[in-house]
Every structure is written in structure tokens, then in C-alpha cells.
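Worksheet: one structure, shown below.
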Amino acid sequence: YGTNIFRNAAMMNIAELSTPPLDYPIGGGDHIVVALWGGGEYQEDYVVAKDGSIFPASLGKITVQGLTFESARSLIYSRFKSVVPASTNVQVTLGQPRTINVNIGGEVNNPRPVTVSAFSNAFNVIGLAGGVTQYGNLREIQVKRNGRVIETLDVYKYLTTGDIGSRIYLQNNDFVLV
């Protein structure tokens, strides 16, 4: 019971989300799009640099790494709003999210490293690894970072209550172990 959840194609690819979750942590490689219209017309796609910042011309460096999308959007909005005419509308969105490498192992059909959108969660990468084998334990799927278990998932709890547990975003070089 429950292993078929990982065979759903929609579960595997969430890079196509039109709007990021507000608690999504911004990181190097994310694309932030700023659009202005009304009192001024402008659109630019900024890639968050390795130092965690974007650098809009005439505004200076804006450090956004580690901020939630909601906080980064608010900060960028206020910086642009301070230099444009009052009648100008400012919109800040996330374009392409960064990609990360995640290792998936244990009792999955195709254990391997996968490259996924930073929006992805442990369920997505298990689906990309072909799902859980007949011996896989769906009650204790571990997400490890730097050798430490940072989250334990219970698929049955999710299927019976809809509770996925705490929302931990995967990071580069995390391990998902079934």
C-alpha cells in the first residue's frame, strides 16, 4: 500500500510551478525577474550570484540568499520603489529556480544521483529513482544533510491525513534514503 504514489508523473516534476511557495529559500542560481510598468517600463532577469546577491544597475548589491521568497520579494520591491516614479508598478517574481544534485539510495528501483529543481522534495526524487522496491519502508524515509538526519517522512501518514510533515527544502548534495 502506498508505493504507487511514486509512479505519478506530476509528482516527479514540479520545476514547472508558476509561483514559488512563499517560504522557498532563495539561493545562488535562482532567477529573480523584476518588471516595471506604468511610470517606467523595464524588465530584467537577475541570477542570484554565488555570494547570494543580485546587482541591479544604479541600485547596488541586494543580498537575498537565505531569505524566503516572500522576504526577498519585499526587499527587492522596496529598493526599486525607492528610485522609480510613484506611478510605476513593480512586480518581483521567481523565474527559473536553481537546480540541485540530490542522492537517492536504499530500497528504490534505481538508486542514483539526480539533478532536480530546488522546489523538489523527497517524494519527487523517489519518483525519479523509479519508486520504492517491495522491501522499502514507507514509514521512515530519511533526508540527510552533512551526515545528519534532518527529516524523516512517513508516506502512510501523508496518505491517511495529508500531512507531509515539516516542509524541508532539499539542498545540493542531500541524501534521500528509503
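Answer with one residue from I104, L75, V90: the one whose Cα lies farthest towards the positive end of the charge dipole of the chain, charges on Cβ with Lys, Arg +1 and Asp, Glu -1. Selected residue: I104. Taking all protein chains as present, what is the carbon and sulfur share of the accessible area of the range 11-165, in % to the nearest whole number, probe 1.4 Å? So the carbon and sulfur contribution to the accessible surface is 49 percent. Axis of helix 69-81 versus longest Cα principal axis of the chain: the two differ by about 10°, to the nearest ten degrees. Ordering R148, R139, R73 by accessible surface, largest first, gives R148, R139, R73; the 1.4 Å probe counts only protein heavy atoms, with every chain in place. The residues of the chain expose on average 52 square angstrom of accessible surface per residue, using a 1.4 Å probe on protein heavy atoms. Taking the Cα centre of the chain as reference, the dipole from Cβ charges on Lys and Arg (+1) and Asp and Glu (-1) amounts to some 260 debye. Between A86, A35, A118, the residue with the greatest mean-square fluctuation in the GNM of the chain (Cα pairs under 10 Å linked by springs) is A86.
Taking the DSSP bridge list for the chain and keeping only pairs wholly inside it, about 90 percent are antiparallel. Per-residue ellipticity at 222 nm, computed for the chain from helices alone with -39500 (n - 2.57) per DSSP H run of at least four residues, works out to -4500 deg cm²/dmol.
The values are calculated or read from the model by the stated rules, or taken from the named source; none is laboratory data. Owing to the predicted nature of the structure, the values given are computational and were not obtained by experimental measurement. Positions of Cβ are generated from backbone atoms using ideal geometry, with glycine treated the same way; all protein chains shown enter the neighbour counts. Surface areas here come from the heavy atoms of the whole protein model, side chains and all, with no ligands, DNA or RNA. Shrake-Rupley method; radii C 1.70, N 1.55, O 1.52, S 1.80 Å.
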